[in-house]
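Here, each number is a calculation from the coordinates, and none is a lab measurement. For clarity, every value in this text was computed on a predicted model and none was experimentally measured. Cβ atoms come from the backbone with ideal geometry, glycine included; neighbour counts cover every protein chain shown.
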Amino acid sequence: MGFAKKDILDMESLSVDEINFILNTAEKMKEISERPVKKVPTLRGKTVVLFFHEPSTRTRTSFDIAAKRLSADCLSISKSSSSIIKGETLIDTARNLEAMNPDIIVMRHSLSGSSHLLARMVKTSIINAGDGMHAHPTQSLLDLMSVRENKGDISGLNIAIIGDIAHSRVARSNIIGFTKMGAHVMLAGPPTMMPKGVETLGASVTYNADDAVRNADVIMMLRIQKERQKSFLFSTEREYAKVYGLTKERLKNAVKDVLIMHPGPINRGVEIAPEVADGPYSIIMDQVTNGVAVRMALLYLLTGGTRNADTD
Ligand code: CP
């Protein structure tokens, strides 16, 4: 199968075959990161620009490592180090970057839809590394990879996503990604953090965390995104933790081979207890490791790689 996409913007625009192709390629890429010398010449001569308007630890670092493991030239610009603080618009910035002829621009931005806008304005490939509350497709792909790796098949699994659904681009991308791959997604959280009409994306909704935990093969916990909330949507962190946090006590009702996930950053003791985040069911660090593999696969495929084993 070829991979003909210019951009990676959201999970809606990826077919099941394309998702499987990306995950298969990422599995091959993962092996490179396990070698004593973690570098192949595959993307020598290619240029990747990381353009991050919002803070990031995992996404930015893993794209940087992914590019370097494939021998691409990779450079990073942030809002504070760019001329955006002098009043240059996003589109002007992108056009100027395009004029330097990079192969891929990876962008994170607080504005929902910003990656789509850029993709229409420039010929360079755009990868959405998170746009506002809209989408985080590379996170969803690494989550799918982590579940597939641990469970063998995604189809038929019950996935519980618990927390601040309304402000989460990870939730939105994962509802679409997991549903597309045949899983059943149940959302749980306070009514104030549950977007109206979210069921139309194919998920079911409960306001009871215990119901979500009891029925789940996979439990994905999300942090409260205070930076995107415009009003007080919960009383105290202590009360939130009691009602919605994943504690050892609450986990006793889960199936015995449940997987615990979290995209990070974690607020320990709020949405997840430290002993659960670090416990035997947690695959949170697998998610981080697979983030490098998925991003290597995307850089490779967007720059013309088509054979999922062509990673020597
Ligand atoms: N999961 C995630 O996007 O983490 P960062 O914000 O650290 O990139």
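What do you get for trypsin sites (Lys or Arg not before Pro) in segment 1-40 restricted to DSSP loop and a cutoff of at most 13 other Cβ within 10 Å of the site's Cβ? In loop regions of segment 1-40 (DSSP not H, G, I, E or B), the sparsely surrounded trypsin sites (Lys or Arg not before Pro) are 6, 38, 39. Of all lysines in the structure, those lying under 29 Å Cα to Cα from residue 196, and not within fewer than 8 positions of it along the same chain, are 180, 226, 230, 242.
Across segment 85-91, computed HN-Hα scalar couplings (Karplus, 6.51 cos²θ - 1.76 cosθ + 1.60, θ = phi - 60°) run 5, 8, x, 5, 6, 4, 5 Hz from first to last residue, x flagging Gly and Pro. Residue by residue, segment 269-281 carries 3J(HN,Hα) couplings of x, 9, 7, 8, 6, x, 5, 7, 4, 9, x, x, 8 Hz when phi is fed to the Karplus relation 6.51 cos²θ - 1.76 cosθ + 1.60 (θ = phi - 60°); x denotes Gly or Pro. Mind checking which of 251, 261, 225 is farthest towards the positive end of segment 189-265's charge dipole, using Cβ charges of +1 (Lys, Arg) and -1 (Asp, Glu) about the Cα centre? The listed residue farthest towards the positive side: 225. Taken over segment 72-117, the alpha-carbon convex hull comes to 88 cubic angstrom per residue. Entry note, the chain: the mean residue ellipticity at 222 nm calculated from DSSP H runs of n ≥ 4, each adding -39500 (n - 2.57), is -11000 deg cm²/dmol after division by the residues and rounding to the nearest 500. Restriction of the trypsin sites (Lys or Arg not before Pro) in segment 210-312 to DSSP coil positions whose beta-carbon has at most 15 other beta-carbons within 10 angstrom yields 230, 252, 256, 307.
For the chain, the longest principal axis of the Cα atoms and the long axis of helix 284-302 meet at an angle of about 30 degrees. Amide hydrogen proximity for residue 136: with H placed 1.01 Å from N in the peptide plane, the residues at 5 or more positions away or on another chain lying under 5 Å are 173. Normalised size of segment 137-287, defined as Cα radius of gyration per 2.2 N^0.38 Å with N residues, equals 0.94. Report relative contact order for the chain in percent, whole number only (criteria: Cα-Cα under 8 Å, sequence separation at least 6). Averaging sequence separation for qualifying contacts and normalising by length gives 23 percent for the chain.
Extension gain residue 285-residue 1, at 0.36 nm per residue separation less the Cα-Cα distance, in nm? Walk me through the intermediate numbers first.
On the way: separation 284, 0.36 × 284 = 102.24 nm, distance 3.07 nm.
Stretched fully, the residue 285-residue 1 segment lengthens by 99.2 nm.
Please give the residues of segment 131-157, grouped as numeric ranges, whose backbone N is less than 16 Å from a label point set 7 Å along the Cα-to-Cβ vector of residue 16. Flagged as within label range: 148, 153-157.
Looking at segment 1-99 from every direction and averaging, what is the projected area of its Cα convex hull in nm²? Please list the in-between numbers first.
On the way: hull surface 32.3 nm².
Computing the convex hull of the Cα atoms and averaging its projections yields 8.1 nm².
Remark: segment 137-287 carries a charge dipole of roughly 340 debye about the Cα centre, counting +1 on each Lys and Arg Cβ and -1 on each Asp and Glu Cβ.
Each of 106, 152, 186 was placed along the dipole of the chain (beta-carbon charges, centred on the mean Cα), and the one lying farthest toward the positive end is 106. Here the contact order of segment 137-287, divided by its residue count and restricted to Cα pairs under 8 Å and six or more residues apart, works out to 24 percent. Summarising the amide proton neighbourhood of residue 74: residues at separation of 5 or more, or on other chains, whose placed amide H is nearer than 5 Å comprise 48. Once the chain from residue 258 to residue 155 is taken as fully extended at 0.36 nm per residue, the excess over their C-alpha distance is 35.5 nm. Using +1 at the C-beta of Lys and Arg and -1 at the C-beta of Asp and Glu, which of 165, 140, 49 has the Cα lying farthest in the positive direction of the dipole of the chain? Among 165, 140, 49, the one farthest towards the positive end of the dipole of the chain is 49.
If I take all pairs of Cα atoms in segment 132-183, what percentage of them are more than 16 Å from each other?
On the way: 472 of 1326 pairs.
Result: 36 percent of Cα pairs exceed 16 Å.
Across the chain the C-alpha pair distances fall into 10 Å bins from zero in the proportions 6, 28, 34, 23, 9, 1 percent. In straight-distance terms, cross-link reach from residue 68 covers every one of the lysines whose alpha-carbon lies under 16 Å from its own, apart from those fewer than eight places away in the same chain; here that gives 30, 38, 39, 46.
Treating only the Cβ atoms of Lys and Arg (+1) and Asp and Glu (-1) as charged, compute the dipole magnitude of the chain about its Cα centre; round to the nearest 20 debye.
Working: 39 positive and 35 negative charges, 114 e Å.
Computed about the Cα centre, the dipole is about 540 debye.
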